[in-house]
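Computed from the coordinates by the stated procedures, all read-outs in this text should not be read as laboratory data. These numbers come from a predicted model, not from an experiment. Neighbour counts are summed over all protein chains in view; Cβ atoms, including those assigned to glycine, are modelled from backbone coordinates with ideal geometry.
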Amino acid sequence: MAQQVQGKTAIVTGAGSGINLEFARLLLQHGANVLFADLAFRPEAEELVGQYQSTPNKAVFKKTDVTSWPDLNDMFKVADQAFGSVDIVCPGAGVFEPPWSNFWYPPGSEQSQDDPLGGRYKVLDINLTHPIRVTQLAISYFLAASPPSSISNPKSIVHIASVASQTASLIVPLYHASKHGVEALVRSLASLEQSHGIRITAVEPGVVKTPLWTEHPEKMKMLKEGAADESDGWVTPEEVAEVMLACVKDDEIDSVPGGSGQTGGKIAIKGGSCLEVLARSVRDVPMFNNIGPYATYKPGVAAADTNKLVGEVMDVLKPGWGQL
């Protein structure tokens, strides 16, 4: 139940950089209008939006704090006012597990910005609550549209999960918990494609070369020395964005994307699909009996040098840890 992209309107949170920027770029190249919802622009995002000011399809920036529900509601209003409809939604903004909202630096510790009396974790607000709320808002908007979403008038919501949604880690447990939650949300809403024409899918990338990694020294420590300069070990933002676009406009995708010189089988795309994206490889992740991303090693699966960070966790676990 794929939908045509040209002439449609998309909202992409976190579109100021990384995977979401590349997804927004592809949508624009395929003739869609795109609302960039983010706190700020990197120069490459600002340049891209500038290129689509005098074209038939347009790009619009809306400053958005994804932890603010009023901001999330406003981005739908702005997209509707600017373009008259919303057809594709990607709640893609996310963070890894920064020191300021981290399981091992509890609320009240020097590094944490989570209020010990506030009752919430910022990393979960960004990575899990935000995609849940955007999904609610998108479904509400699709059902209230004229005509409403249906099999003959399909709509799409594309989430960004991670291979972390299939695994676990002592180092970043909140990140893994949030991505497991995103995968569960997508699978739970699978039947909306058949009942209401709303296809909800997710991509699950491995280690992607974006500023989310390269500009954070605490994360780069998880990579082997020299890995930042190696192209084979990374998934590219462009690879992930191509799969995201397929989740909107196609009913199947090659397990080995074109241009690699290899051939692979076809993977069906439907509501509830969770597609693992590694370097030059796509896999449909089943709900049950999943072999996991590590069963057969492929480039881009995961950071390879995490022991040093396990040691850092062990160093903080002393009497008095977690006490206010």
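Tell me, which longest segment in the chain has none of the trypsin sites (Lys or Arg not before Pro) that fall in DSSP loops with at most 14 further Cβ atoms within 10 Å?
1-119
If you fit an axis through the alpha-carbon atoms of helix 237-249 and take the longest principal axis of the Cα set of the chain, what angle between them do you get, 0 to 90°, nearest 10?
40
Using a 10 angstrom Cβ neighbour count of at most 16 plus a DSSP loop assignment to flag exposed GluC sites (Glu not before Pro), which longest range of the chain is free of such sites?
Result for the longest clean stretch: 1-109.
What number in nm² do you get for the chain if you take the convex hull of its Cα atoms and divide its surface by four?
With the hull built on Cα positions only, its mean projection is 17.1 nm².
Give the calculated FRET efficiency between S169 and D74 to the nearest 0.05, with a Förster radius of 35 Å applied to their Cβ-Cβ distance.
0.50
Multiply the residue separation of E47 and Q136 by 0.36 nm, subtract the distance between their alpha-carbon atoms, and state the gained length in nm to one decimal.
Stretched fully, the E47-Q136 segment lengthens by 28.9 nm.
Let me have the relative contact order for the chain, percent, based on Cα pairs under 8 Å that are six or more residues apart.
Over the chain, the number comes to 18 percent.
For the pair F288/S54, report the inter-label distance in nm, with labels modelled 7 Å from Cα in the Cβ direction.
5.9
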